[in-house]
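Worksheet: the structure to be examined is printed underneath.
The values are calculated or read from the model by the stated rules, or taken from the named source; none is laboratory data. All values derive from a computational prediction rather than experimental measurement. Here Cβ is always computed from backbone atoms with ideal geometry, including for glycine, and neighbour counts include all displayed protein chains.
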Amino acid sequence: MKINRKKFLQSVGLGTLGVIVGCSGSTVSHDTETPDELKNAVIPKRKLGKNGLMASVLCLGAGSRFTGRSHIPDDEREEYLRYAMEKGVNYIDSARNYSGSERLLGEMLTDDDFDQLIVSSKTDSSTYDGVMSDFHTSMEELGRDYLDVYLLHNTGLRDSVEDNASAFSALLELREKGLIGNTGFSSHGAVSLSTAVKLVDEYDLDHLVLNVGDDLVDYRPVIPEILEKGCTVAAIKVTRSYEGKGPVESARLSYKDVLDRSFSSAVISHSNTGIGDRGWKKVLNENLVTAMRYG
């Protein structure tokens, strides 16, 4: 297993540091597709969790839009990842059920990369044993012995505090042992607004990934209460591909609304219908510019 950087920093008396923007050893070159506004831009960062991490306001979602060759060609996937990192994206969100995403990240990212990134993954399990099994599999796939963020996935959530107790007992144990830095859950409708707040309270959660941008449950009404409890939030379903046209004004306003409410980040997830003939770099650049303007 690769060295746990948090333990290393503690061993030399440095404590837990904020994450460095960028990627050492990047091989991505600047080209004419990069807008002038981005060439010397610094993507803003915000607090994530409770242990000093600072995440870029744009997070790279490493789900099916990342792993699926119909969305990003296999031979361009690493270029896509490194281009985002070069532009300041330092927060990557994966999951156990994201079609080999963890394995791909483990193959593409070096030890130095992991030192500069906040890597999050998620478990679908609703039981103690299942969470523990998923976590150890995730570590093997990623080639790590520590994760900054490990969450209970939407598909493993139940809409009550009690019915999530078994899964969170495992997650809290992993946090207590220092194997994960922050824990919480992701949801795009599995729990109600009131249950989301209760879960944060009951289990002293650090970070959530919540839906805000489509017809499912919209968690914006309870964000202030969650933030008051010291738990940070990233938004999903905000930075989509905007029907192949880039961030139209309504999408920009939605993004601005999310960041005005003190969300830590918004998660980008490309779709093939949105990218069309324009290519992933143009779509990513549009989202990067939006992140810089509204971050």
Problem - Qualifying residues in the stretch 136-162 (those that are within 19 Å of the chain's Cα centre (by Cα), more than 18 Å from GLU107 (Cα to Cα) and of a type in the set (A, V, I, L, M, F, W, C)) - the one surrounded by the most Cβ atoms within 10 Å (Cβ to Cβ) - result: LEU152
Completion exercise
In the stretch 212-238, residues that are farther than 22 Å from LEU53 by Cα and in contact with a strand residue (DSSP E or B) (Cβ under 7 Å, 6 or more places away or on another chain) total 8
Exercise for the section: Give the stretch 193-230 a look and list any residue that's in contact with an Asp or Glu (Cβ under 6 Å, 6 or more places away or on another chain) and polar (S, T, N, Q), or say none. Expected result: THR195
Exercise for the section: Please work out which residue is surrounded by the fewest Cβ atoms within 10 Å (Cβ to Cβ), limiting yourself to the stretch 163-200 and to residues that are out of contact with any strand residue (DSSP E or B) (no Cβ under 9 Å at 6 or more places or on another chain), touching a residue at least 12 places away in the same chain (Cβ under 8 Å) and among the hydrophobic types (A, V, I, L, M, F, W, C). Expected result: LEU193
Completion exercise
Turns out the strands (runs of 3 or more DSSP E) fully within the stretch 183-294 with at least 2 residues that are modelled with pLDDT under 90 and aliphatic (A, V, I, L, M) are 232-239, 265-268
Exercise for the section: With respect to GLU76, determine if the residue is among the acidic types (Asp, Glu), under 30 Å from ASP260 (Cβ atoms), touching a residue at least 60 places away in the same chain (Cβ under 8 Å) and in a helix (DSSP H, G or I). Expected result: no
Exercise for the section: Please work out which one of (1) within 16 Å of ASN164 (Cβ to Cβ); (2) surrounded by fewer than 22 Cβ atoms within 10 Å (Cβ to Cβ) is the condition LYS229 fails and give its number. Expected result: (1)
Handout entry: Selection status of LEU117, within 27 Å of LYS177 (Cα to Cα) and among the aliphatic types (A, V, I, L, M)
Key = yes
Completion exercise
Checked VAL89, VAL21 against criteria (of a type outside the set (Ser, Thr, Tyr), in a loop (DSSP other than H, G, I, E, B) and at pLDDT 50 or above); the one match is VAL89
Problem - Residue match in the stretch 109-120 (condition: polar (S, T, N, Q), part of a strand (DSSP E or B), surrounded by 22 or more Cβ atoms within 10 Å (Cβ to Cβ) and modelled with pLDDT of 90 or more) - result: yes
Completion exercise
Quick count over the stretch 190-229, residues being within 18 Å of the chain's Cα centre (by Cα) and of a type in the set (Gly, Ala, Ser), is 1
Exercise for the section: Give the residue that is nearest to the chain's Cα centre (by Cα), with candidates limited to residues of the stretch 32-51 that are at pLDDT 90 or above and not charged (D, E, K, R). Expected result: LEU48
Exercise for the section: Give me the pairs, please: first residue somewhere in the stretch 134-162 and of a type in the set (Val, Ile, Thr), second residue anywhere and outside any helix (DSSP H, G or I), beta-carbon distance under 6 Å, and either six or more positions apart or on two chains. Expected result: VAL149/SER120; VAL149/ASN182; VAL149/HIS207; THR155/ASP124
Problem - Of all residues making up the stretch 52-62, the number that are in contact with a helix residue (DSSP H, G or I) (Cβ under 9 Å, 6 or more places away or on another chain) and either in a strand (DSSP E or B) or modelled with pLDDT under 80 (or both) - result: 3
